[in-house]
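Worksheet: one structure, shown below.
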Amino acid sequence: MSRHILSTVKKRLSLGYTTRLLLIILVVVIFAFLGIESSVRAIISKELLQEKQVMLFGLAEQLNIALDGTYDDILRQNDALSLPRGDKIEVLHNQLKAVTDFVASGVPGVGVGYYSRDLDAIITYGPEDQFGHTIGQSIFEGHLGYQVMAEGKSLVQQGALVRGKILNCMLPVIRDGQVIGYIWANETLEDVSSQLSIVFEEILIFTLIIFFLLYVAVLLPTWYFNRRIDQLISDIGVVMSNPRERLPRIVGPLASVVDGVNSLLDKVFFFKSKNEYIFDSVMSGILAVSVEGEILLANPSFLEMVDMSGRNLLGEKCNAVLSDDLCSLIFKALEGTNRKKTKDIIYQGRIIEVFNNEVYNDKNIQIGEVFIFRDRTLLKLYERKLNDQERLAAIGEMGLNIAHEIKNPLTAVKGFSQLMHRRNLSQEKMNDYLELMDDELNRIDKLLNDLLVNGGKSKLQPEYIDFSNMLSEFIVIYSNSYPGIKFSLKTDIVSSPILKVDKNKIAQLVDNIIKNSVEAIEAKPEPKKKNIDFNLLISSDKVILKIRDSGEGIAEENYARIMTPFYTTKKEGTGLGMSLCLGIVEKHQGVIRINSEVNVFTEVTIEFNIQKLENLNDS
């Protein structure tokens with residue numbers, strides 16, 4: 001028993017004063033370093049952005065001062081009030097572009113310009129050689145410039161605008177109490193971020209130096225202290241070989257440890273009985289009290305649990321040495337007011353399971369109560385961590401689904417937004433692009449709602465649609481999203497079929513197949529052709545859609561697992577696409593097949609039964 005106690009003391013000295021201390025210091029310093037670095041980064045970012053806003057509004061105010069009078073005054077001076085809109089924009093642009101370029105030239109990377117409310121158009125955008133192509137364009141719906149002109153108040157907007165992701169400061173142009181337009185000055189967020197990164201690098205280096213010096217300052221005295229502990233451990237080894245020996249007295253912070261060990265040895269070898277040795281070996285805390293509240297037994301595990309290791313509590317009154325919480329528990333049990341034999345209590349931040357039972361003499365008279373205390377903190381913590389891990393796994397799978405499914409519609413939206421920046425784009429074409437972009441954004445919204453609310457397992461919402469026309473719309477979208485690939489649609493039908501399907505689910509299905517086809521084509525070394533062909537076949541009872549690409553193909557041994565969730569042959573794939581396709585087809589009570597030849601083609605065949613489609617409902 002003495003060997004076990006002294007071994008425990010030895011272990012606690014070596015770990016408690018060296019490794020644990022250094023680890024605690026390291027963790028504290030690291031957290032302090034991260035907290036300071038994060039706070040400084042946030043403060044500097046905020047201050048720099050505010051400074052940028054002040055500078056940009058200053059540039060905008062320069063343009064405001066340079067505009068003498070109103071836009072109509074300039075048109076009147078040039079006899080252009082009655083001219084068409086485009087001619088008015090040209091007159092104003094020629095009059096104001098010089099001052100715009102002059103202001104823009106003062107600060108590299110900054111864009112400034114005038115906007116006319118009446119003409120709803122950009123008048124100037126300097127530097128002219130970079131942004132002159134935007135002259136005459138209107139800002140898009142939802143642009144905060146409209147709010148500036150409506151409220152007559154300055155605003156700051158961050159986000160993707162005409163020249164990309166920018167910090168845009170907008171100042172209303174007010175003449176005679178009327179807002180006639182607004183002036184803006186902006187700078188790309190990339191330029192702002194590059195300036196911040198320089199400052200953050202210097203802060204990081206300085207903080208790392210301080211961290212290193214601080215840690216060395218703590219490490220050196222700790223190393224010296226460790227040498228003292230090594231000596232004490234050596235002395236403990238001598239005591240363990242001869243239980244009647246005692247540790248030599250020392251001076252310093254370890255003196256109390258030596259006294260505690262010697263006191264414990266005295267009690268072990270002179271006062272403990274055989275029964276006490278048995279109780280000492282029990283890992284659970286054991287406490288026995290008389291009906292008067294006098295402590296009859298307190299094993300080492302209990303003393304350790306209540307931070308009284310080494311004390312002899314035999315004969316002490318509970319309320320004199322134990323905490324109020326424990327005394328309340330003990331006296332309620334003695335009084336019989338708490339009949340529950342097993343309960344959990346919170347003691348000093350730990351979860352302790354307590355079991356109590358009455359002790360009777362040979363005359364069946366209660367003489368006391370025995371309590372068993374077990375620390376359940378780690379068990380509860382492990383249970384909680386297990387639950388957290390299960391929740392995180394579910395959240396991670398849902399996150400993969402979301403990222404995977406919104407990527408395709410976003411690619412289409414990006415492609416059309418780039419096309420809309422072309423010059424001389426007709427209004428009709430622009431409206432077509434906006435309508436297609438709106439459809440894709442609505443689909444993203446529905447996908448997100450589906451995945452976030454239902455985990456991708458929402459009910460079908462079938463409707464009657466022109467299947468051939470829907471495929472034609474898809475081809476328009478894909479042709480613009482992937483301009484290097486040729487898309488075609490072949491069909492053997494005379495009139496377009498009207499089928500009852502969930503349009504958004506079918507779009508999701510086709511999107512995933514096309515994405516795989518595009519990646520297969522791009523992965524193929526020096527492909528002779530880049531084709532993706534749709535073939536629509538309809539009979540009296542079936543509709544068959546075949547999608548064939550000229551990509552690298554799929555090896556035959558992968559056929560059986562290609563639709564298994566999280567299985568993929570791609571380096572950066574999630575393995576979710578084809579499993580989602582399978583789920584969508586099965587919801588429509590159809591079948592999906594894959595045929596492929598390595599380095600030649602892959603063909604996905606989707607087959608629906610028309611009668612089963614007719615019987616689809618929201619379930």
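The values are calculated or read from the model by the stated rules, or taken from the named source; none is laboratory data. Please read all numbers here as calculations on a predicted model, not as lab measurements. Here the Cβ is made from the backbone with ideal geometry for all residues, glycine too, and neighbour counts use every protein chain on show.
Condition first: surrounded by fewer than 21 Cβ atoms within 10 Å (Cβ to Cβ), within 41 Å of the chain's Cα centre (by Cα), outside any helix (DSSP H, G or I) and not basic (Lys, Arg). Can you find one or more residues in the stretch 113-121 that meet it? Checked against the condition, which is being surrounded by fewer than 21 Cβ atoms within 10 Å (Cβ to Cβ), within 41 Å of the chain's Cα centre (by Cα), outside any helix (DSSP H, G or I) and not basic (Lys, Arg), the stretch 113-121 yields at least one hit. A search for C-beta distances below 6 Å between a residue of the stretch 527-555 that is in contact (Cβ under 8 Å) with a residue 40 or more places away in the chain and any residue that is among the small types (Gly, Ala, Ser) and part of a strand (DSSP E or B), counting only pairs 6+ apart in sequence or on different chains, returns ASP533/SER488; GLY553/SER596; ILE554/SER596.
Close contacts from the stretch 466-484, counting a first residue that is under 16 Å from ASP502 (Cβ atoms) and a second that is modelled with pLDDT under 85 and surrounded by 15 or more Cβ atoms within 10 Å (Cβ to Cβ), with Cβ to Cβ under 6 Å and a gap of 6+ residues or different chains, come to ASP466/SER496; PHE467/PRO497.
Residues are listed down the side, and each one gets a yes or a no for (1) modelled with pLDDT of 75 or more; (2) exposed (fewer than 12 other Cβ atoms within 10 Å of the Cβ):
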{"site": "SER2", "(1), (2)": "no, no"}
{"site": "LEU22", "(1), (2)": "no, no"}
{"site": "VAL40", "(1), (2)": "no, no"}
{"site": "PHE57", "(1), (2)": "yes, no"}
{"site": "GLU61", "(1), (2)": "yes, no"}
{"site": "ILE65", "(1), (2)": "yes, yes"}
{"site": "THR70", "(1), (2)": "yes, no"}
{"site": "LEU75", "(1), (2)": "yes, no"}
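For the stretch 519-540, taking the residues that are touching a helix residue (DSSP H, G or I) at 6+ places or on another chain (Cβ under 7 Å) and in a strand (DSSP E or B), the one that is surrounded by the fewest Cβ atoms within 10 Å (Cβ to Cβ) is identified as LEU536.
If a residue must be in contact with a strand residue (DSSP E or B) (Cβ under 9 Å, 6 or more places away or on another chain), farther than 10 Å from THR491 by Cα and of a type in the set (A, V, I, L, M), how many such residues does the stretch 522-543 contain?
Within the stretch 522-543, the subset in contact with a strand residue (DSSP E or B) (Cβ under 9 Å, 6 or more places away or on another chain) is 529-538, 541-543.
Okay, now just the ones that are also farther than 10 Å from THR491 by Cα, so 529-533, 541-543.
Filter once more, so that each one left must be of a type in the set (A, V, I, L, M): 532, 543.
Residues in the stretch 522-543 being in contact with a strand residue (DSSP E or B) (Cβ under 9 Å, 6 or more places away or on another chain), farther than 10 Å from THR491 by Cα and of a type in the set (A, V, I, L, M): 2 in total.
Count of the stretch 81-94 residues, restricted to those that are in contact (Cβ under 8 Å) with a residue 12 or more places away in the chain, surrounded by fewer than 19 Cβ atoms within 10 Å (Cβ to Cβ) and in contact with a helix residue (DSSP H, G or I) (Cβ under 7 Å, 6 or more places away or on another chain), is 0.
When residues in the stretch 26-80 are screened for being free of Cβ contacts under 8 Å to residues at least 24 places away in the same chain and assigned to a loop (DSSP other than H, G, I, E, B), 4 of them pass.
For ASP176, the criteria (1) closer than 24 Å to ASP101 by Cα; (2) modelled with pLDDT of 85 or more hold in every case but one, which is (1). Residues that are modelled with pLDDT of 70 or more and acidic (Asp, Glu) within the stretch 440-462 comprise just one, GLU440. Taking the stretch 482-509 as the range and being surrounded by 17 or more Cβ atoms within 10 Å (Cβ to Cβ), in contact with a Phe, Trp or Tyr (Cβ under 8 Å, 6 or more places away or on another chain) and either within 20 Å of TYR433 (Cα to Cα) or basic (Lys, Arg) (or both) as the test, the residues that pass are ILE485, PHE487, LYS500, ALA507.
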